[in-house]
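**Student:** Before we start, here is the structure in question, set down as structure tokens.
Every number in this text was worked out from the coordinates using simple rules, so none of it is lab data. This one's a predicted model, so the numbers in the text were calculated from it and none came from an experiment. Note that we place each Cβ from the backbone using ideal geometry, even for glycine, and neighbour counts take in every protein chain shown.
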Amino acid sequence: MNLQKNNRRDFLKKAALASASMAAMPAISMGAQNNTVQKGKSIYIEKDTSLHSKLIVPKNNGLRITGTFLDEISHDIPHQNWGEAEWDLDFQYMKAIGIDTVIMIRSGYKKFITYPSQYLLGKGCFMPSVDLLDMYLRLAEKHGMKFYFGLYDSGHYWATGDMTHEIEDNKYVIDEVWKNYGEKYKSFGGWYVSGEISRATKGAIGAFYAMGKQCKDVSGGLPTFISPWIDGKKAVAASGTTLSKEAAVSVQQHEKEWDEIFAGIHEVVDAVAFQDGHIDYDELDAFFTVNKKLADKYGMKCWTNAESFDRDMPIKFLPIKFDKLRMKLEAAQRCGYDKAITFEFSHFMSPQSAYAQAGNLYNRYKEYFNL
Amino acid sequence: MNLQKNNRRDFLKKAALASASMAAMPAISMGAQNNTVQKGKSIYIEKDTSLHSKLIVPKNNGLRITGTFLDEISHDIPHQNWGEAEWDLDFQYMKAIGIDTVIMIRSGYKKFITYPSQYLLGKGCFMPSVDLLDMYLRLAEKHGMKFYFGLYDSGHYWATGDMTHEIEDNKYVIDEVWKNYGEKYKSFGGWYVSGEISRATKGAIGAFYAMGKQCKDVSGGLPTFISPWIDGKKAVAASGTTLSKEAAVSVQQHEKEWDEIFAGIHEVVDAVAFQDGHIDYDELDAFFTVNKKLADKYGMKCWTNAESFDRDMPIKFLPIKFDKLRMKLEAAQRCGYDKAITFEFSHFMSPQSAYAQAGNLYNRYKEYFNL
Amino acid sequence: MNLQKNNRRDFLKKAALASASMAAMPAISMGAQNNTVQKGKSIYIEKDTSLHSKLIVPKNNGLRITGTFLDEISHDIPHQNWGEAEWDLDFQYMKAIGIDTVIMIRSGYKKFITYPSQYLLGKGCFMPSVDLLDMYLRLAEKHGMKFYFGLYDSGHYWATGDMTHEIEDNKYVIDEVWKNYGEKYKSFGGWYVSGEISRATKGAIGAFYAMGKQCKDVSGGLPTFISPWIDGKKAVAASGTTLSKEAAVSVQQHEKEWDEIFAGIHEVVDAVAFQDGHIDYDELDAFFTVNKKLADKYGMKCWTNAESFDRDMPIKFLPIKFDKLRMKLEAAQRCGYDKAITFEFSHFMSPQSAYAQAGNLYNRYKEYFNL
């Protein structure tokens, strides 16, 4: 045992703790310690890290988050401009709270792509400066996590409701990715069929079946999942100013329509992770019960996509209030869900997120789950 | 005197100062110190904390902020996910600039509540994970501050213009809170009748009278206040995209309508703190003069609710530009106002706010007021 | 050589590095180092700063940014509330990546002004607490940079399309500023004619000629430039919710209209820096080629205003994704542009920006340009 090293670490740790507890204060404000509000009276400001929140609800009573999307393509969430060092650190933060699964939300969106796809570059997509797919697979391997690959999203479907382009493009993408990455990395653990559908997208059954089947066929049956949204009262456009709508789907209608969809896709889709943010907090149990019942009926795993951003605020989007996340995870636990994943850790739960509320959410989450 | 402790503190302070002045630089950027832009030329980057802004206006010429709302319910401001350690630290930051009053903006909004109210839980509200009311009262006591309790807001009034629900719910809430908290904590110093009204809400006179009276009756006459908004050109919805409107109220109309409202409520409302953000900066004196005149006429205290967020920006809402806050506090001083409170310190002025602009505002504020 | 000082610096640097790599972790999360996710298993989280992103595109292949706007007036970007120490540090950060030119985007906007202008104060503008113009000129001098002065913007033009007020006000502003600042500071290096025009503003030719001529006449011919926008698909209002529009200008129409405008102003405007953010990434070369051709035809310098904020996100505005900035700078390089400036460094690229994404962008930028 190297005493010198330990002592140095111990020293650095103390210095770091000292500065961490003061890190939130801008430099000038450090002077606050000696400042005089009333003449002659000195004030010393210090964070008392021995203080813990006094929880009045049972702790550790929800389903733990064990997976997260990786949102590198930045459809509607601003980019954090992380390099490999930041991503490596983030995987450590994830692992520290029990996350074992990372899911790249899509491998490309319109002309921006995550890896140098010969096929997509040939169609006019832009060359990325980093092969994110390779990096994520390497980091997943390094940190002992499973990686799910999200299919390419041409953007055509969102504009037209027509999924023909998605099927056509992904034919090439799936083959290419499996050959160049899937066979190389043992962290390549599955597929995320990335088109976000709701009840209004019944034409998607055929598309999801075709894409799911190809994923499984090429990879020797690796698991696949989808993450649709419930057409609830908060299913409104991110770019709009309204936060809710009147014409939300009923639980009964939701069950009827998804019964039909699951019937058509369950052979090639192993799990369904409904997004949990489009319904109200007192509707969670009703919808979750139906989702679990349907998943059971068709032999699919029932996951929850626990959104860690807040849909109720004018700024779209910042990290969610902890109690909202807690209520959603408790409902998932009550309804016997199999796994919780989140969209997503790196912006909304990570201690190094550009949104400092995320680091606080991380701490509240750990506090609640005794981590 | 413990020299060893002093030396250690001195050492840690130096280390902390060093890291604080570099804290804003991400790790890789630290290398900037040794980086070569032109080959062979080394650059050392350092914050010179001896530099101070050269103010060309008289300092300490506005009304100092001595109170702040606590916005824990998060109606339209994203949650910071603080635990008790962060709240305790924030109360220290507040006190360091002279804040002696904290006001919980509401005890609940729709189904989200701040304390485990038997009455509101019985009506379907959600159990909070922390009893914020208890925590705030404890921290106010610890730091020698007065706490004002904000009434429950069912959300019905905002949707319907009808305050019946507010009166009914708060009958129970006021009794319950006084019995369980008011009699226990000597920091419980008053009541904030939280419905935000403007001239268009004349039906509110009866409601405010009823609620104000009950607050005073149950608590042996503890002070009450309201914080209405002026129906000025910036009185637009937070969720909308417009920043101003044409049909703003005139000063004369404002005076006429508020004369009537004050006449109806002054016996049970001790102070009025108009929000200062809905009018333009060159309208401040005109409206403030009328507000003070009316308050004097009815024997009420005239406070200003100095908003510390910026209403003029597309992002709703981030911390205000210091000069705007300064102009509003100078106008309040000129017009002889009794007290300035703000909405609110923890997001928009605190050195530990997730919005780093807030910590800078704190420093500018201290600079101006010689704190 | 002072060994003691070196040792101390070395020590502080180590301490600072330690805390910097942990600075992103809130205090409680520091405990993560010792936390147990599964009982008995300890986790140590550390940023590995030796990890570098593996770039798969040629490095240093774009035009370097050597100028930035200073956006102190805050038209639609929230204020950071910096004091002189922060501005001084920012100029150091700028210089470290090769920025030699700073441009105050406007000297005033409506009633908010940057310096105590006798003329504008007389017209009802508000007294600023700091003379920013003087501060910027001093700092530019201290750090060996050139400062460009942006003219006053009354706001009338934006509302009415009529530039009469701009010409009238700036007659006084230009004289006043040259006499009080231009003759005093050798860092005063040129003029930015600040009205942001597009093809729809042809009436602006006369106004720009008049203002440009006065700037040059009064200052012995110091350089002038403009920074218009291309009326492309992303030319939409910051306050609106849409991100693009249908009726974008064609390249041909753009060339025709700007040929006419340049013909009218080239004698008194030395450089044109089109904003690069209103067109799509695969339209860059087409528009840039025309811009360069026109600038050459009229003997003007062709700059690019490389926007470092992201126009594609619901939050308006946060720092841009690095690859987007890279593609724009590469296009400027390909098309033989003379200089790249950005709007703007301090919010969107600075390591001390309130938007932490900016510091990461700074690091990505340095990585790409081998800085």
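**Student:** In debye, nearest 20, what is the charge dipole magnitude of the protein assembly as shown about its Cα centre with +1 on Lys and Arg Cβ and -1 on Asp and Glu Cβ, if you could check? Walk me through the intermediate numbers first.
**Tutor:** Working: 135 positive and 138 negative charges, 763 e Å.
The calculated dipole for the protein assembly as shown is roughly 3660 debye.
**Student:** Right, here's the next one. Which aspartates and glutamates have a Cα less than 16 Å from the Cα of A:LYS316, not counting those fewer than 8 places away in the same chain?
**Tutor:** A:ASP71, A:ASP76, A:GLU307, A:GLU344, B:ASP76, C:ASP310, C:ASP312
**Student:** Would you kindly state how much longer the chain becomes between C:LYS297 and C:LEU121 on full extension, computed as 0.36 nm times their sequence separation minus their alpha carbon distance, in nm to one decimal?
**Tutor:** Numbers: separation 176, 0.36 × 176 = 63.36 nm, distance 4.17 nm.
Separation in residues times 0.36 nm, less the Cα-Cα distance, equals 59.2 nm.
**Student:** So what are the ³J(HN,Hα) numbers for the stretch A:288-304, from phi and the Karplus equation (6.51, -1.76, 1.60; θ = phi - 60°), rounded to whole Hz, Gly and Pro as x?
**Tutor:** Residue by residue, the stretch A:288-304 yields 4, 4, 5, 4, 5, 4, 5, 4, 4, 4, 9, x, 9, 6, 10, 9, 10 Hz.
**Student:** Could you give the size of the charge dipole of chain A about its Cα centre, using +1 on the Cβ of each K and R and -1 on the Cβ of each D and E, expressed in debye and rounded to the nearest 20?
**Tutor:** Details: 45 positive and 46 negative charges, 304 e Å.
For chain A, the charge dipole is close to 1460 debye.
**Student:** List the residues, sorted by chain then number, that are 5 or more residues from C:GLY232 or on another chain and whose placed amide H is less than 5 Å from its amide H.
**Tutor:** So C:GLY232 has HN proximity to C:VAL249.
**Student:** Using a cut-off of 13 Å between beta-carbons, work out the net charge of the residues near C:PHE126 (Lys and Arg +1, Asp and Glu -1, C:PHE126 not included).
**Tutor:** On the way: positive: B:LYS321, B:LYS324, B:ARG326, B:LYS328, C:LYS110, C:LYS111, C:LYS123; negative: B:ASP280, B:ASP282, B:GLU283, B:ASP285, B:ASP323, B:GLU330.
The answer is +1.
**Student:** Can you list the distances in nanometres, one decimal and ascending, from the B:LEU121 label point to the identical position in each other copy, with the point 7 Å along Cα to Cβ?
**Tutor:** Sorted ascending, the copy-to-copy spacings read 6.1, 6.1 nm.
**Student:** Tell me, what HN-Hα J-couplings in whole Hz come from the Karplus equation 6.51 cos²θ - 1.76 cosθ + 1.60 at θ = phi - 60° for each residue of the stretch A:65-72, using x for Gly and Pro?
**Tutor:** Computed from phi, the couplings for the stretch A:65-72 are 6, 10, x, 9, 6, 10, 9, 6 Hz.
**Student:** Could you tell me which of A:ALA271, A:LEU222, A:ALA295 has its Cα farthest along the dipole of the stretch A:205-362 towards the positive end, charges placed at Cβ (Lys, Arg +1; Asp, Glu -1), taken about the Cα centre?
**Tutor:** Among A:ALA271, A:LEU222, A:ALA295, the one farthest towards the positive end of the dipole of the stretch A:205-362 is A:LEU222.
**Student:** Can you give me the orientation-averaged projected area of the convex hull built on the Cα atoms of the stretch A:191-300, in nm²? Write out the running numbers ahead of the final one.
**Tutor:** Working: hull surface 27.9 nm².
So the mean shadow area of the Cα hull is 7.0 nm².
**Student:** Further question: Taking springs between alpha-carbon atoms closer than 10 angstrom, which of C:HIS75, C:HIS278, C:HIS347 fluctuates most in the Gaussian network model of chain C?
**Tutor:** C:HIS75
**Student:** Among C:GLY240, C:MET313, C:TYR362, which residue has its Cα furthest toward the positive end of the charge dipole of the stretch C:230-371, with +1 on Lys/Arg Cβ and -1 on Asp/Glu Cβ?
**Tutor:** C:TYR362
**Student:** Turning to a different aspect of this structure: Rounded to the nearest 20 Debye, what is the dipole magnitude of the stretch C:162-223 about its Cα centre when Lys and Arg each give +1 and Asp and Glu each give -1 at the C-beta? Each step should come with its number before you reach the end.
**Tutor:** On the way: 8 positive and 9 negative charges, 61 e Å.
Computed charge dipole of the stretch C:162-223: roughly 300 debye.
**Student:** Moving to a separate point now. In a solvent-free Debye calculation with one equal scatterer on each Cα, what is log10 I(q)/I(0) for chain C at q = 0.09, 0.12, 0.15 Å⁻¹, listed in the order of the q values?
**Tutor:** Here the Debye-derived log intensity ratios amount to -0.56, -0.94, -1.40.
**Student:** Another question, if that's okay. Between C:LYS184 and C:ASP282, 0.36 nm times their residue separation minus their Cα-Cα distance comes to what?
**Tutor:** Numbers: separation 98, 0.36 × 98 = 35.28 nm, distance 4.56 nm.
Extending this stretch completely gives an extra 30.7 nm.
**Student:** For the pair C:ASP338 and B:THR289, how long in nm is the line joining their label points, each one 7 Å along Cα→Cβ?
**Tutor:** Going by the 7 Å Cα→Cβ label model, 5.4 nm.
**Student:** Which of C:LYS54/C:LYS324; B:LYS171/B:LYS245; C:LYS59/C:LYS339; A:LYS111/A:LYS216; A:LYS186/A:LYS301 have a Cα-Cα distance over 29 Å? Don't jump to the answer; show the numbers that get you there.
**Tutor:** Values: C:LYS54/C:LYS324 18 Å; B:LYS171/B:LYS245 36 Å; C:LYS59/C:LYS339 18 Å; A:LYS111/A:LYS216 26 Å; A:LYS186/A:LYS301 23 Å.
In this structure, B:LYS171/B:LYS245 exceed 29 Å between Cα atoms.
**Student:** Do any of B:LYS95/B:LYS292; A:LYS256/C:LYS321; A:LYS256/C:LYS233 go past 31 Å between their Cα atoms, and which? The partial results should precede the final answer.
**Tutor:** On the way: B:LYS95/B:LYS292 27 Å; A:LYS256/C:LYS321 42 Å; A:LYS256/C:LYS233 41 Å.
Too far apart for the 31 Å limit: A:LYS256/C:LYS321; A:LYS256/C:LYS233.
**Student:** With θ set to phi - 60°, apply the Karplus curve 6.51 cos²θ - 1.76 cosθ + 1.60 along the stretch A:92-104 and write out the HN-Hα couplings as whole Hz, x wherever there is a Gly or Pro.
**Tutor:** My calculation for the stretch A:92-104 gives 5, 4, 4, 4, 5, 10, x, 7, 10, 9, 10, 10, 6 Hz in order.
**Student:** For C:LEU70, enumerate residues with amide H under 5 Å from its amide H, sequence gap 5+ or separate chain, H modeled in the peptide plane.
**Tutor:** Under 5 Å from the amide H of C:LEU70: C:ILE103, C:MET104, C:ILE105.
**Student:** Moving on. How much FRET efficiency would the formula 1/(1 + (r/R0)^6) give for A:LYS54 and A:ASP100, where r is the Cβ-Cβ distance and R0 is 25 Å, rounded to 0.05?
**Tutor:** Numbers: r = 31 Å, r/R0 = 1.24.
Efficiency, rounded to the nearest 0.05: 0.20.
**Student:** While we're here: Over chain B, what is the relative contact order in whole percent, taking alpha-carbon pairs under 8 Å and six or more residues apart?
**Tutor:** Working: 619 pairs, mean separation 59.3, N = 371.
Relative contact order here is 16 percent.
**Student:** Another question, if that's okay. What value, in deg cm²/dmol to 500, does the helix sum -39500 (n - 2.57) over DSSP H runs of n ≥ 4 give at 222 nm once divided by the residues of chain A?
**Tutor:** It lands at -12000 deg cm²/dmol.
**Student:** Further question on the same structure: What residues have an amide H closer than 5 Å to that of B:ILE45, excluding those fewer than 5 places away on the same chain, when H is modeled at 1.01 Å from N in the peptide plane?
**Tutor:** Residues meeting the criterion, in which the H sits 1.01 Å from N, are B:GLN33.
**Student:** With only alpha-carbon pairs counted, each pair once and no self-pairs, how large is the Kirkwood hydrodynamic radius of the protein assembly as shown in angstroms? Each step should come with its number before you reach the end.
**Tutor:** Values: mean 1/r = 0.0322 Å⁻¹.
When all Cα pairs of the protein assembly as shown are included, the Kirkwood radius is 31.0 Å.
**Student:** Hand me the GluC sites (Glu not before Pro) from the stretch B:161-230 located in a DSSP loop with no more than 15 other Cβ atoms within 10 Å, in residue order please.
**Tutor:** Details: sites: B:GLU166, B:GLU168, B:GLU176, B:GLU183, B:GLU196; in loops: B:GLU183, B:GLU196.
For GluC sites (Glu not before Pro) across the stretch B:161-230 that sit outside H, G, I, E and B with at most 15 neighbouring Cβ atoms in 10 Å, the list reads B:GLU183.
**Student:** Something else now. Counting each pair of different Cα atoms once, what's the Kirkwood radius of the stretch A:80-205 in Å, rounded to one decimal?
**Tutor:** On the way: mean 1/r = 0.0650 Å⁻¹.
Answer for the stretch A:80-205: a Kirkwood hydrodynamic radius of 15.4 Å.
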